[in-house]
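Visitor: Got a structure for you, questions after.
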Amino acid sequence: MTRRITRTLGQVTAFLTLVFFLIFIADYQYKVLPTSIHSALPSHHTGSVITDITVTFCSSTNPFSTCRLDPETWHRVEKDLYLRSGWVTSAWLHVKRKKEEELTAHDKVVVGVRVGRLDPGVGESGQHNERWESRPGGIWVLRSSKRHDSDSDKAITAVDVLFGADAVDPRPNWVLARTPLLLNVGTEVQIARLSTRHGRPKTESKETVPRVRKDGKFKILQWSDAHLSTGTGACRDAIGPKGESSGNCEADPRTLEFIESVLDDEKPDLVVLSGDQVEGPAAPDAQSAIFKFAAPLIERSIPYAAIFGNHDDEGALSLNRAAQMSLIQTLPFSLSQPGPEQVDGVGNYFVEVLAHAPSQHSALTLYLLDTHGVTPDEKHYRGYDWVKQSQIDWFRSTSQGLKKAHSKYSHIHLDMAFIHIPLPEYAERGLVTAGGQWKEGVTAPGYNSHFYDALAEEGVVAVGCGHDHVNDYCALRPSNSPSSNAVRSSPAESDVASESAVPPSSQHGRKKGLGPWMCYAGGSGFGGYGGYGGYHRRVRVWEVDTNAGRVVTWKRLECCGEETERKIDEIVIVEGGSVVAPS
C-alpha cells in the first residue's frame, strides 16, 4: 500500500513538473499566461524595456527646432550632450520605453546599440544578417519584434550618458560604449558616451556589513580631496619623484592610479571618502566623476562611506548633495546614507563595524557628518560653515542610544568620527602635534559650535578631516577644557607652523581627559591644489586592533620610489581604549 501511494505521488509530481515546464516554455515564446501571472515569472523584467533611441538637436536661433519630443512617447535623459557649452545649440538623448506587459504586436524591443559611422551589419563580423537602424549622433539600434526577446538579457532596459575619455560605468549589467557619440563638437567639449543596461537590474545578493577580521584588526583608508573632474582634468602643482615639476599632466588618471596602488597594497576593510571627491566647477556631469571614484572600490569589493565637502556640489551645473547621495547609495558596496531629514545637511549617519563573525556586536562605530560649505554669515563669521546644533543633538542622542548595546561587547568598543572641514580646535595654540606637518592656515569655521566638546564628552577617540590639502598632522589638546570661539586665521600664525612650533608632550600612556585626536588626511587629488614646498599627494590609513583597544595611523604618499610603498609618520593614538599622547 505504501509503495503504491509513493509511486502515485511520484507520477503526479512528474506530471505537474512537465506541465509547468511546457507552460513556462510556451509563455516564454508566446506569453500565453495572463499578465498578472506572467509578470511574476523569474524571466520577466519588472521594469521597462527600451523600444527606440534617438538624439535631437535644437538651436536658440531656430524657433522651429525642439529640444524635447512628445513626453507622452519619449523620455529625455536630462543631460545636454554638449554640457551647455554650445553657444546656441544643444543636443539631447531621447528613449522610448514600455513595460513588457504593455507591448503590442507592432512594438519592437531594442536588443543592440552601437555607435559609429558604419552600419554594424556591414562593418562587424557576425552582424551581417542583422538589420541595424541608423539614428542621429552615429547611433545604430538593433530592434526585435520577437516576443521572447523582451524577457531575455538581450533586451536593453535603460540608457544613460556619461562624459569624458576616462569615463567608467561600475554598475552591474551596464555597458559603456567605447566610441563617443558623433556630435561634431570641438576638443574643448567633453565627449559623450552611451551606457546601456541589458536585462533586469542586478542587486547585491546580501547586505554589505563591515566586519573585523579574524586577527581582530580593522583597517580604514581615509581618502580625501580627490577633486575629480568630468574628463581627465588638468594637474595642479604636480611634482615628480625627485621634487621636480611634472608640468602638464592628466589629473584624474594620476590620482586614481595612486589610489589603486594604495588599495592593492593596504587592502583596507573600509574606505571613508571624507569630502571633495568631485571638483564641482570642473565636473558639469558629477555622475561621471562619482563613478570614477566608485569603480576601483567596487572592482575590489571594498565597502565605502562618503560625506561631502564644500566643492562636491559647487558649480552651476553640478548635482546637489541630495542627488549625489541618492546616486552613491545605489552603487554596490556603498554604505553611504543621507541621514535624518530633520537634521541639517546631507550625510549625517553612522556605520557599525561588527566584531568577527558570527558575533553580532558592534566593535567600532564611525560617525560621519556634513560640514556644509561656505559660511552663511560672511559679515560676522568669515570663511566656512559649521556643524549645526541639530547635528550635534543628533550625534549626542545617537551615541547615547547605542551605548547600552555597545556595553555588551566583550572587548573595548571604540568610536571615531569623520568630517570634511576642520573644527576650530584644529587651529588652537598649544596643541600637541604628531605624525605630520602643519604647512598652511587652518581654514576652520569662524564660529565655534562646540562639536569638539560633544565628541569628547561622548568618548570619541579620533576625528579625521580633509579640506586643507597640505596639512597632514594629528593634534591633541593638552586637556579637554571648554574650547574657545577664537580661530587662528592669520597666515603669519599658521602657514609655517609644524611639530617644532608646538610644545610636545613628554608623557606616554593613558591620559584621562585627553582626546579626541584631530587628524588631517592630506589631499589626494591632482585636480586640487598641492603647493607649499614640494607637497606629495597622500591618504591616511587607520588600523584598529580590537583585541588591544589600539588605534594606529599612518599615511601613504604618491612619490619617491620606495616612499610610496612604506608607512609614513606612523603613530599610536589609542591604547587600551584610551587616548594616549605621543612620546
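The values are calculated or read from the model by the stated rules, or taken from the named source; none is laboratory data. Since the model is a prediction, treat every value here as computed from it, not as a measurement. Counting neighbours? That spans all protein chains shown, and the Cβs are built from the backbone with ideal geometry, glycine included. Heavy atoms of the whole protein, side chains included, go into the accessibility calculation; ligands, DNA and RNA do not. Shrake-Rupley method; radii C 1.70, N 1.55, O 1.52, S 1.80 Å.
Visitor: Could you please find all residues in segment 133-182 being of a type in the set (Gly, Ala, Ser) and in contact (Cβ under 8 Å) with a residue 24 or more places away in the chain?
Guide: Once the filter is applied, which keeps residues that are of a type in the set (Gly, Ala, Ser) and in contact (Cβ under 8 Å) with a residue 24 or more places away in the chain, segment 133-182 yields Gly137, Gly138, Ser144, Ser145, Ser150, Ser152, Ala155, Ala158, Gly164, Ala165, Ala167, Ala177.
Visitor: While we're here: What do you reckon, is Ser274 farther than 17 Å from Gly373 by Cα, in contact with a Gly (Cβ under 7 Å, 6 or more places away or on another chain) and crowded, with 22+ Cβ neighbours inside 10 Å?
Guide: No; evaluated as a whole, the condition is false for this residue.
Visitor: Considering only residues of segment 87-125 that are in a helix (DSSP H, G or I) and in contact with a His (Cβ under 8 Å, 6 or more places away or on another chain), which is farthest from Phe163 (Cα to Cα)?
Guide: Filtering segment 87-125 for residues that are in a helix (DSSP H, G or I) and in contact with a His (Cβ under 8 Å, 6 or more places away or on another chain), the one farthest from Phe163 (Cα to Cα) comes out as Glu101.
Visitor: Determine if segment 49-57 includes at least one residue that is open to solvent by 40 Å² or more (accessible area, probe 1.4 Å), at pLDDT 80 or above and not acidic (Asp, Glu).
Guide: Yes - at least one qualifying residue is present in segment 49-57.
Visitor: If you go through segment 435-462 one residue at a time, how many are open to solvent by less than 10 Å² (accessible area, probe 1.4 Å), of a type in the set (A, V, I, L, M, F, W, C) and within 17 Å of Pro478 (Cβ to Cβ)?
Guide: Residues in segment 435-462 being open to solvent by less than 10 Å² (accessible area, probe 1.4 Å), of a type in the set (A, V, I, L, M, F, W, C) and within 17 Å of Pro478 (Cβ to Cβ): 4 in total.
Visitor: Something else now. Can you pull out the residues in segment 133-170 that are under 25 Å from Phe333 (Cβ atoms), among the charged types (D, E, K, R) and at pLDDT 95 or above?
Guide: Scanning segment 133-170 gives Asp160, Asp166, Asp169.
Visitor: Same structure again: Restricting to segment 331-381, name every residue that is loosely packed, with under 14 Cβ neighbours inside 10 Å, more than 25 Å from His467 (Cα to Cα) and touching a residue at least 12 places away in the same chain (Cβ under 8 Å).
Guide: Gln342, Ala357
Visitor: Now a separate question. Take Ser397 and decide whether it is over 29 Å from Ala167 (Cβ atoms) and out of contact with any Cys (no Cβ under 6 Å at 6 or more places or on another chain).
Guide: So Ser397 passes the test.
Visitor: Looking at Leu273, Leu331, can you tell me which residue is part of a strand (DSSP E or B) and of a type outside the set (Phe, Trp, Tyr)?
Guide: Of Leu273, Leu331, the one residue that is part of a strand (DSSP E or B) and of a type outside the set (Phe, Trp, Tyr) is Leu273.
Visitor: Hey, any hits in segment 255-274 for a residue that's touching a helix residue (DSSP H, G or I) at 6+ places or on another chain (Cβ under 7 Å) and more than 28 Å from Arg213 (Cα to Cα)?
Guide: Looking through segment 255-274, none of the residues is touching a helix residue (DSSP H, G or I) at 6+ places or on another chain (Cβ under 7 Å) and more than 28 Å from Arg213 (Cα to Cα).
Visitor: Next up: Give segment 382-401 a look and list any residue that's part of a loop (DSSP other than H, G, I, E, B), open to solvent by 30 Å² or more (accessible area, probe 1.4 Å) and either modelled with pLDDT of 95 or more or more than 20 Å from Ala444 (Cβ to Cβ) (or both), or say none.
Guide: Those that are part of a loop (DSSP other than H, G, I, E, B), open to solvent by 30 Å² or more (accessible area, probe 1.4 Å) and either modelled with pLDDT of 95 or more or more than 20 Å from Ala444 (Cβ to Cβ) (or both): Trp386, Lys388.
Visitor: Going through Gly446, Gly430 one at a time, which residue ends up being more than 28 Å from the chain's Cα centre (by Cα), farther than 18 Å from Thr375 by Cβ and in a loop (DSSP other than H, G, I, E, B)?
Guide: Every option except Gly430 fails the conditions.
Per-residue answers, yes or no, for (1) at pLDDT below 95; (2) open to solvent by less than 30 Å² (accessible area, probe 1.4 Å); (3) part of a helix (DSSP H, G or I):
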residue	(1), (2), (3)
His536	yes, yes, no
Val539	no, yes, no
Val544	no, yes, no
Val551	no, yes, no
Trp554	no, yes, no
Cys559	yes, yes, no
Thr564	yes, no, yes
Ile573	no, yes, no
Pro582	yes, yes, no
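Visitor: Name the residues in segment 284-305 that are open to solvent by less than 10 Å² (accessible area, probe 1.4 Å) and assigned to a helix (DSSP H, G or I), would you?
Guide: Those that are open to solvent by less than 10 Å² (accessible area, probe 1.4 Å) and assigned to a helix (DSSP H, G or I): Ala286, Ser288, Ala289, Ile290, Phe291, Lys292, Phe293, Ala294, Pro296, Leu297.
Visitor: What is the number of the single condition among (1) outside any loop (DSSP other than H, G, I, E, B); (2) under 25 Å from the mean Cα position of the chain (by Cα) that His420 does not meet?
Guide: Only one criterion in (1) outside any loop (DSSP other than H, G, I, E, B); (2) under 25 Å from the mean Cα position of the chain (by Cα) is unmet by His420, namely (1).
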